[in-house]
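Before any comments, here is the structure.
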Amino acid sequence: MKRQQNRRPLWAVALLAAASVALWQWATVHANFNGNWTALYCTGSKQPQPSLVQQEHVYTFPHSFGYDGQIYHYIAHDPFLRSDLKTYLDDPRLRYRRILIPLLAYTMAFGNSRWIDPAYEFLFLVSIACGVYWSCRVALAAGLDARWGLLFLIMPATLVSMDRLVVDGTLAALTAGFLCYSRTPSWKLFTILAAAALTRETGLLLVLACVASLAWRREFRRVAIFLLSAAPAVAWFLYVQTHATGGIYAMSPTPLFAILRAFVSPLQYPAGTPFVGVVHAADYLALCGALVAISAGLFYGGRLIDSPRFAAILLAVLAVLLQRIDLWQNVYGFGRIFTPLFLCLAYAAARDRKIWLLAPTLMILPRIAIQLAPQLLGVLHWIA
């Protein structure tokens, strides 16, 4: 009974955090986007658009190619690749692998187009609540005040998903759940791993980390069991492989090439961009934060060789090898994708009292803040 009483305040904190995020979204939608909630999908006018955009009166950003949220919005209306919506995706085979949130939104709405968007937003807020709740439990387990779990709200994937409804916020929440339950493998951890692999293919690294930790401890029966958590994702990937085509991205086979190129040839902003020097400085700081995270993930061992440690190594290796040019030019790209690595480092910071492991996240935040600043000014002007 005492354990349940202790958990109730954690859920209260989690729900309050989700409500705060919802309040911000409501404010920015009404202040900056004429009350049109579909603006959170960040649909660009330069992209070919399906009839769905006109039917739902989707807010489109002029002179923009949009962002990934628009893609998952389309998938939520056709999760089984039965219409021509897949032809409006840049890489149907890759995008459709990330099916969990679009499919859940479609299922919650019983396939009714009118309710898919509210269901999608609801699932995002549930992800925020779960991420905060699990992060609070991690803080408590480390002997800290539970409110340290609110740091989940400033993780890059959380902020970017709040702004553009991408699925990375859900993967961040599931990573927090993975960190929470990794010490005592159970059906909860199994479910989280299965969901992570279906949310984004990088979620498979959490499965591998769990399996590697179990193998390290010679718990081979559990190795076989937890390998099965990847089975739903593998089955779905095979389905997508036969029903969708792939795309081509500008990738470099040289480790760290795209990161170093972003230092040498930073993203050029349009003429007249205010405080462009500050923006470039924040870009460099964020890239340095990513390099610190990679180094810490690879070389900081901590006291234990456990699932979070294996996850940090695997995610750091992925960051070294995944050298897409466009990915490393924008903090919204690498910041959200590698949030699971930042969370693993935050877990180690709490467990081992190494506060410097929070540095990568803090180094990325200024650039994200700059990105959100125009919306904040719009909200303040709207209030005034």
> Do you know which of the residues in region 357-384 that are more than 19 Å from S161 (Cβ to Cβ) and more than 22 Å from the chain's Cα centre (by Cα) is surrounded by the fewest Cβ atoms within 10 Å (Cβ to Cβ)?
Replying inline: A384
>> Scan region 296-313 and tell me whether some residue there is under 17 Å from the mean Cα position of the chain (by Cα) and surrounded by fewer than 23 Cβ atoms within 10 Å (Cβ to Cβ).
In response: no
> If you scan region 203-248, which residues turn out to be in a helix (DSSP H, G or I), of a type in the set (D, E, K, R) and without any contact (Cβ under 8 Å) to a residue 24 or more places away in the chain?
Replying inline: R221
>> Being at pLDDT 90 or above and either surrounded by fewer than 14 Cβ atoms within 10 Å (Cβ to Cβ) or touching a strand residue (DSSP E or B) at 6+ places or on another chain (Cβ under 8 Å) (or both): is that true of A271 here?
In response: no
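May I ask you to list the residues in region 152-188 that are outside any helix (DSSP H, G or I) and either within 21 Å of L227 (Cα to Cα) or touching a Leu at 6+ places or on another chain (Cβ under 9 Å) (or both)?
M155, L165, V167, S182, R183, T184, P185, S186
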>> Can you pull out every residue in region 113-154 that is within 18 Å of I192 (Cβ to Cβ) and not aliphatic (A, V, I, L, M)?
In response: F124, S127, C130, G131, Y133, W134, S135, C136, R137, G149, F152
> Picking from A109, A142, A105, which residue would you name as being in contact with a helix residue (DSSP H, G or I) (Cβ under 7 Å, 6 or more places away or on another chain), over 27 Å from N330 (Cα atoms) and touching a residue at least 40 places away in the same chain (Cβ under 8 Å)?
Replying inline: A142
>> Any residue that is in a loop (DSSP other than H, G, I, E, B) and not acidic (D, E) - is there at least one of those in region 113-132?
In response: no
>> For region 265-303, give me each residue that is under 22 Å from C180 (Cβ atoms) and without any contact (Cβ under 8 Å) to a residue 24 or more places away in the chain.
In response: G301
> What number of residues within region 299-328 are acidic (D, E) and closer than 21 Å to S135 by Cα?
Replying inline: 1
>> Residue pairs, Cβ under 7 Å, 6 or more apart or interchain, first in region 166-187 and under 15 Å from I101 (Cβ atoms), second assigned to a helix (DSSP H, G or I) and of a type in the set (D, E). List them.
In response: V166/D68
>> Among the residues that make up region 330-338, is at least one of them within 19 Å of L174 (Cβ to Cβ), modelled with pLDDT of 95 or more and of a type in the set (G, A, S)?
In response: yes
>> The conditions are (1) in a helix (DSSP H, G or I); (2) under 14 Å from the mean Cα position of the chain (by Cα), and R98 fails exactly one of them. Which is it?
In response: (1)
>> Residue pairs, Cβ under 7 Å, 6 or more apart or interchain, first in region 81-93 and part of a loop (DSSP other than H, G, I, E, B), second hydrophobic (A, V, I, L, M, F, W, C). List them.
In response: L81/A244; L89/I71
> If you go through region 170-187 one residue at a time, do you hit one that is buried (at least 23 other Cβ atoms within 10 Å of the Cβ) and over 14 Å from P340 (Cβ atoms)?
Replying inline: no
> Which of (1) in contact with a Ser or Thr (Cβ under 9 Å, 6 or more places away or on another chain); (2) at pLDDT 95 or above; (3) acidic (D, E) is the odd one out, the single condition D78 does not satisfy?
Replying inline: (1)
> assigned to a loop (DSSP other than H, G, I, E, B), within 23 Å of the chain's Cα centre (by Cα), surrounded by fewer than 18 Cβ atoms within 10 Å (Cβ to Cβ) and not aliphatic (A, V, I, L, M) - does that describe any residue in region 11-19?
Replying inline: no
> In region 318-384, which helices (runs of 4 or more DSSP H) lie fully inside it and hold 2 or more residues that are over 21 Å from W148 (Cβ atoms), in contact with a Lys or Arg (Cβ under 9 Å, 6 or more places away or on another chain) and among the aliphatic types (A, V, I, L, M)?
Replying inline: 331-337
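Conditions (1) in contact with a helix residue (DSSP H, G or I) (Cβ under 8 Å, 6 or more places away or on another chain); (2) of a type in the set (F, W, Y), marked per residue:
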residue: T184; (1), (2): no, no
residue: R200; (1), (2): yes, no
residue: L206; (1), (2): yes, no
residue: A209; (1), (2): yes, no
residue: A212; (1), (2): yes, no
residue: F220; (1), (2): yes, yes
residue: S229; (1), (2): yes, no
residue: T242; (1), (2): no, no
residue: Y249; (1), (2): no, yes
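The values are calculated or read from the model by the stated rules, or taken from the named source; none is laboratory data. All values reported here derive from a predicted model rather than from experimental measurement. With ideal geometry, Cβ positions are generated from the backbone for all residues, glycine too; neighbour counts draw on all protein chains shown.
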